[in-house]
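Visitor: Below you will find the structure I want to go over with you.
The values are calculated or read from the model by the stated rules, or taken from the named source; none is laboratory data. These figures come from a predicted structure and were not determined experimentally. FYI the Cβ positions are ideal-geometry reconstructions off the backbone, even for glycines, and counts take in every protein chain you see. Ligands, DNA and RNA are stripped out before the accessible areas are found, and what is left, the full protein with its side chains, is counted by its heavy atoms. Shrake-Rupley method; radii C 1.70, N 1.55, O 1.52, S 1.80 Å.
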Amino acid sequence: MINSRDLLQVILWLVWVVFLIDLVLALFVFVRRFARGRFFKAKDAACDKYRSAVDALVQGKSSTTALETLRQGRSRPERDAICELILAWLPDARESATAALMHLGYLSDWARTAFGRRRARQLYDHMSSGVALPPASPRRLMGLRRRALFAVPRATAVARLARLAPATARPFMMEALGDPSPLVARVNVIGLGRNRHPDVVPILLQELNVAVTDDARISIRTLKTALARYSVESFVDFLPYLSAPNARMRFLVVDTMREICARDTAGQIPDSISQQVIDHSTRDESPDVRARAAQLLRYLPASGAAGALSRLLRDENEFVRLHAVRACMASQFACLKNELLRCITDRRWRVREAAVEAIASAGDTGLDQLAEQFLATNDRYASEQIAEHLQRSGAMDALLASLAADSPSRSGGEVCRKLHRLGKVSLLFEAVENHSDPRVRERLFELLAGEPLGAAFVPVLKRLSVRGDDLLKPRAASLLARLTLVLQPAIAEGRD
Amino acid sequence: MLQHVFSVILEYANSVVLFYFIAANVCYTVLMIVSLYSVSLHSRYAVNKTHVDLQDSPVTPPVALIVPAYNEAEAIVQTVLSLLALNYPEKEIIVVDDGSEDDTVARLIARFGLRKMDFIYRESLPTGEPRAFYFNPERPELLVMAVEHSGKSHALNSGINMARSPYFCTVDADCIIERDALLRLMAPVVQSGVNTVVSGGIVRIANGCTVEGGRITRVDLPKRWLERCQIVEYIRTFLFGRPGWSALNASFITSGAFCLLHKASVIGAGGFTAHTVTEDIDIIANLRRYLVANRYSFRMVFTTDPICWTEAPRSLNMLARQRRRWQLGLAQTVIKNHDMIFSPKYGMTGMLSMPFHAYIEAMGCLVEALGTFLIPLSFLVGAVPLPTFLLFLMLAVGYGTLLSIGSVVLEEITIGRYPKLRHAALLLLYAVVENLGYRQIVTLFRAHGVLQYFFGRRRWEAVVHKGLAAEGQSA
């Protein structure tokens, strides 16, 4: 049984402990600030001191002297400063910066952190002298190694190794593929993609295959990002996976190939791949594969691809048709123009929208075709989709300006009329009030006055009858009076 | 006899308060340790800047930034400027004006050259037609829509209906988002093998900072004690509460001021609702319920490096409104989802996070408020001797200070945003000051919010903002 005196003692001790911890934490903050302040001051000073030596070393001028100077920097701020100065050269002078890092011992440090002393030595010897690399010994304590606490320093070391010149970095990054930690795997894969080692593609594809079928260390997106950095030349490694048993893998492979084509515009896709895509991927049982294959067709010669694309434009799946329509934006598929126009009346809005954008991408010709289609179609959804595009793209401004032409195109006026009937009146009303060209205002007013008008026009007429120009003021007042009789309730409520 | 009864009641009440004190502080201590571990590791890993690769990666999903706005004329332009400046490959910004009575829309129109247009509106969530759309073809990533005033959840749902992207990010209309914050927020989504449906970021207080062109150009602390206390409080919430739960895979709350969500999942869960006054807490619970019911694999994360700056209340009155609403919303959410409490079906959230938020965060403030009066009363009536009273008071203040100072330490070891030594000293000072009155006042506000729930008052109390500064001035 605890008596009150003992309880008081316990509380007193707790109070002492709590205040002591408070004091320690507060002191920690100040000590850390001071220490970091001193560290960064020393680092800035080291940057100033060693900058010229680093520049000389990386540029190959007075290398021996520069190296000797840099080796004098032994303290942590100096080592950090020198490392950062060299790393800043990496994008432009990768080989010489890598050599500098090697000579100054950074590479060995990072390798030791990532792989342990013994294995780092073996990798270093293999990289520098071509000595055969012995197989890695089985790693112990894999569970612990996977933990972030132990993996983060390895990940940072691997991330730095990955930035080195590809030939130097390669053995270390291949070794890091065996690391059990997802954190290390991620930075490693990102680095592999950035470096674009050709013989790594099969390994990345294998990891991707594991990721789609299993709970993998590396996310699919990370692997895809790395693979997408390669060029069309790597497609030969992708070929076996185009017929992988897993539909998701087939989809990812085709999609990654599409991404590569979008970046590597100069690359030439091998005929074997083209044929495989046209004959098999576009007929795949999975709609996701067919959809991405459709997009891939835009990078193939039209002679083989047009037929497949035409078939995909009539696919039963919405997303396949959508991607096929987008692929038709490529100029070599002008022969599919009529099919594209048909897609404006597709039953799915995404396909309609994509068709409108694909037609509009042909510039003025495309806009003219859209205007024709807009006037010709009775399909309300198609009409609304084209109206949407006319507004969002800014084409309305050109259309309205055309009303002021000495011989205005009939279609410009007709388009405005149809927009009015669809209820897409905001830009029209804004133009009749505020367009900079009085001829546009006048012609638009005549147009609208000839249409059945609703309550939405009343506030515009009111403003025009008060603030409009001399030409429109009386007309607006007259029209307002006529409309008032017809629309009395709406006017009373002041509704737009 | 009466005195005896009173003493017994007092003794039992004190026991409840003491039990709550021990339970709450044990939980906070565990959270702090877990957060210390995960936050420090994350900040060490973040130096590798793996998020930078997302900038030109083909797999980085487009994001719709949805900004519901009601009477935010003072702040909205700066917010939109900060969103337009975001370093992200593909984004759309949708400002949803919720029937503002000031010139929120007019300021956007004037600043961004917007024009009224008539767009197609497709409802995935039932909202009704918007009143108007405003758009500029030369700035296609920005869309402003005006809807009938129906509350924030309705505005968010309207924004979701217009969004084209597979993910959307809710952003409060008085926030400034750091340039690479969206990349950092998206990083856990892209880098995970499991569908990440929610990714939350940190909210910091911009009071005292200089805002220019939608960016925080100088970080400083505000001059008023009330705002300084809130800064310490926000650091504590965002650096050790939420990372701790995220590390335990038990996220329950992410701030709606800056939160990334998976659109299809939110639509499947029915979107934002007006069932509570804190739609951001409610949506997380609804999402979890929906995903568990449909047996989807998912995770919800909180990351400590993407940062959103917001304006904190500058007066006690506004602070009271804010905290009452938050507490009312939390109470509404936990009671609405009471079946999740101790439910193994919901994993660590059901077994740990929900009970914690229900009993300690939501209802616990009633016990805390009771203790604020009870402990001194017990001393005054002689039920608690002076030494015990003083020691308990010192322990309560000391332990609260420990948690606050612990969060200042976390701020130090993460991407610390307060550069000067003076800032560190002030934060430590206010980590103490916060526990000498401010916390007690906020506890009373929170208790009031919970009592509002039990007395059936459910209205949204608007907090009036002064705005995150005109250009070049301090916020």
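Visitor: Take A:LEU149 and decide whether it is within 14 Å of another protein chain (Cβ to nearest Cβ) and either open to solvent by 50 Å² or more (accessible area, probe 1.4 Å) or among the basic types (Lys, Arg) (or both).
Guide: Here the answer is yes, as A:LEU149 does meet what is asked.
Visitor: Looking for whichever is charged (D, E, K, R) and within 10 Å of another protein chain (Cβ to nearest Cβ) here; the options are A:ARG196, A:ARG229, A:ARG163, A:ARG154. Which one fits?
Guide: Exactly one residue qualifies, and that residue is A:ARG229.
Visitor: Here's a follow-up. So B:GLN55 clears everything in (1) among the polar types (S, T, N, Q); (2) open to solvent by less than 60 Å² (accessible area, probe 1.4 Å); (3) touching a residue at least 12 places away in the same chain (Cβ under 8 Å) except one condition, right? Which one?
Guide: It is condition (2) that B:GLN55 fails.
Visitor: For segment B:442-452, state whether one or more residues are of a type outside the set (D, E, K, R), at the interface with chain A (Cβ under 10 Å from one of its Cβ atoms) and either open to solvent by less than 50 Å² (accessible area, probe 1.4 Å) or under 20 Å from the mean Cα position of the chain (by Cα) (or both).
Guide: no
Visitor: Among the residues of segment A:6-60, which ones are of a type in the set (D, E, K, R), open to solvent by 80 Å² or more (accessible area, probe 1.4 Å) and at the interface with chain B (Cβ under 10 Å from one of its Cβ atoms)?
Guide: Correct list: A:ARG36 only.
Visitor: Please go through segment A:439-465 and pick out each residue that is within 14 Å of chain B (Cβ to nearest Cβ) and either in contact (Cβ under 8 Å) with a residue 40 or more places away in the chain or polar (S, T, N, Q) (or both).
Guide: Of everything in segment A:439-465, just one residue is within 14 Å of chain B (Cβ to nearest Cβ) and either in contact (Cβ under 8 Å) with a residue 40 or more places away in the chain or polar (S, T, N, Q) (or both), namely A:ALA456.
Visitor: Sticking with this structure for a sec: Inspect segment A:186-204 for any residue being free of Cβ contacts under 8 Å to residues at least 24 places away in the same chain and farther than 24 Å from A:ALA132 by Cβ and give the result as yes or no.
Guide: Within segment A:186-204 (the criterion being free of Cβ contacts under 8 Å to residues at least 24 places away in the same chain and farther than 24 Å from A:ALA132 by Cβ), the answer is yes, since at least one residue qualifies.
Visitor: Hey, another quick one. For segment A:281-291, which residues satisfy the criterion of being open to solvent by 50 Å² or more (accessible area, probe 1.4 Å) and assigned to a helix (DSSP H, G or I)?
Guide: A:ARG283, A:ASP288
Visitor: In segment A:208-219, how many are at pLDDT below 90 and more than 11 Å from chain B (Cβ to nearest Cβ)?
Guide: Matching residues across segment A:208-219 total 1.
Visitor: Among the candidates B:GLU72, B:GLU92, B:GLU11, single out the residue that is farther than 30 Å from A:LEU183 by Cα and in contact with a Lys or Arg (Cβ under 8 Å, 6 or more places away or on another chain).
Guide: Only one candidate qualifies: B:GLU92.
Visitor: Are any residues in segment A:419-437 within 11 Å of chain B (Cβ to nearest Cβ), touching a helix residue (DSSP H, G or I) at 6+ places or on another chain (Cβ under 7 Å) and closer than 12 Å to A:PHE457 by Cβ, and if so, which ones?
Guide: Passing the criteria: A:HIS420, A:VAL425, A:LEU428, A:PHE429.
Visitor: I would also like to ask the following. Which of the residues belonging to segment B:56-72 are more than 11 Å from every other protein chain (Cβ to nearest Cβ) and of a type in the set (S, T, N, Q)?
Guide: Hit for segment B:56-72 is B:ASN71, nothing else.
Visitor: Another question, if that's okay. Can you find a residue in segment B:11-32 that is within 30 Å of A:ARG160 (Cβ to Cβ) and part of a helix (DSSP H, G or I)?
Guide: For segment B:11-32, residues within 30 Å of A:ARG160 (Cβ to Cβ) and part of a helix (DSSP H, G or I): absent.
Visitor: Of all residues in segment B:384-412 being among the aliphatic types (A, V, I, L, M) and surrounded by fewer than 17 Cβ atoms within 10 Å (Cβ to Cβ), which is nearest to B:SER38 (Cα to Cα)?
Guide: So the residue we want is B:LEU393.
Visitor: When you scan segment A:88-113, how many residues do you find that are under 18 Å from A:ALA167 (Cα atoms) and in contact with a Lys or Arg (Cβ under 7 Å, 6 or more places away or on another chain)?
Guide: Of the residues in segment A:88-113, 2 are under 18 Å from A:ALA167 (Cα atoms) and in contact with a Lys or Arg (Cβ under 7 Å, 6 or more places away or on another chain).
Visitor: May I pose another question? Please tell me if A:SER436 is without any contact (Cβ under 8 Å) to a residue 40 or more places away in the chain, surrounded by fewer than 21 Cβ atoms within 10 Å (Cβ to Cβ) and either in contact with a Leu (Cβ under 7 Å, 6 or more places away or on another chain) or of a type in the set (S, T, N, Q) (or both).
Guide: Yes, satisfied.
Visitor: Restricted to segment B:276-315, and to residues that are of a type outside the set (S, T, N, Q) and more than 19 Å from the chain's Cα centre (by Cα), which residue is most open to solvent (accessible area, probe 1.4 Å)?
Guide: So the residue we want is B:ARG295.
Visitor: Moving to a separate point now. Can you pull out the residues in segment A:392-418 that are more than 12 Å from chain B (Cβ to nearest Cβ), closer than 23 Å to A:ILE359 by Cβ and among the acidic types (Asp, Glu)?
Guide: A:GLU414
Visitor: Listed residues B:ASN48, B:ASN87; which is open to solvent by 20 Å² or more (accessible area, probe 1.4 Å), over 30 Å from B:ALA358 (Cα atoms) and away from chain A (no Cβ under 13 Å)?
Guide: Answer to the selection: B:ASN87.
Visitor: Considering (1) closer than 17 Å to B:VAL67 by Cα; (2) open to solvent by 10 Å² or more (accessible area, probe 1.4 Å), say which one B:ILE94 fails and leave the rest.
Guide: The single condition B:ILE94 does not satisfy is (2).
Visitor: Turning to a different aspect of this structure: Looking at (1) within 13 Å of the chain's Cα centre (by Cα); (2) open to solvent by 10 Å² or more (accessible area, probe 1.4 Å), find the lone condition where B:PHE342 falls short.
Guide: (1)
Visitor: Same structure, new question: Mind checking which pairs have a first residue in segment B:390-413 that is within 8 Å of chain A (Cβ to nearest Cβ) and a second that is buried (at least 21 other Cβ atoms within 10 Å of the Cβ) and among the polar types (S, T, N, Q), Cβ under 6 Å, 6 or more apart or different chains?
Guide: B:THR401/B:ASN435
Visitor: Could you list, in sequence order, all residues of segment A:224-280 that are among the basic types (Lys, Arg) and closer than 23 Å to A:VAL187 by Cα?
Guide: Of everything in segment A:224-280, those that are among the basic types (Lys, Arg) and closer than 23 Å to A:VAL187 by Cα turn out to be A:LYS224, A:ARG229, A:ARG263.
Visitor: Right, here's the next one. When both residues are 6+ apart or on different chains and their Cβ atoms are under 6 Å apart, which pairs have a first residue that lies in segment B:311-324 and is over 13 Å from B:HIS448 (Cα atoms), and a second that is open to solvent by 10 Å² or more (accessible area, probe 1.4 Å) and in a helix (DSSP H, G or I)?
Guide: Every condition considered, the pairs that remain are B:PRO313/B:GLN322.
Visitor: Shifting gears a bit: Can you pull out every residue in segment B:99-130 that is part of a loop (DSSP other than H, G, I, E, B), within 14 Å of chain A (Cβ to nearest Cβ) and open to solvent by 60 Å² or more (accessible area, probe 1.4 Å)?
Guide: Matches in segment B:99-130: B:ARG122, B:GLU123, B:SER124, B:GLU129.
Visitor: Considering only helices (runs of 4 or more DSSP H) fully contained in segment B:144-242, which possess at least 2 residues that are open to solvent by less than 10 Å² (accessible area, probe 1.4 Å) and in contact with a Gly (Cβ under 8 Å, 6 or more places away or on another chain)?
Guide: Qualifying helices (runs of 4 or more DSSP H): B:152-162, B:181-191.
Visitor: Collect the residues in segment A:61-84 that are of a type in the set (A, V, I, L, M) and open to solvent by 20 Å² or more (accessible area, probe 1.4 Å), keeping them in residue-number order.
Guide: The one that is of a type in the set (A, V, I, L, M) and open to solvent by 20 Å² or more (accessible area, probe 1.4 Å): A:LEU67.
Visitor: Show the residue pairs meeting these rules: Cβ distance below 6 Å; 6+ apart or different chains; first residue within segment A:256-271 and more than 9 Å from A:VAL232 (Cα to Cα); second residue surrounded by fewer than 19 Cβ atoms within 10 Å (Cβ to Cβ) and at pLDDT below 90.
Guide: The qualifying pairs are A:GLU259/B:PRO58.
Visitor: Looking at this structure, is A:LEU90 open to solvent by less than 40 Å² (accessible area, probe 1.4 Å) and under 39 Å from the mean Cα position of the chain (by Cα)?
Guide: In short, yes.
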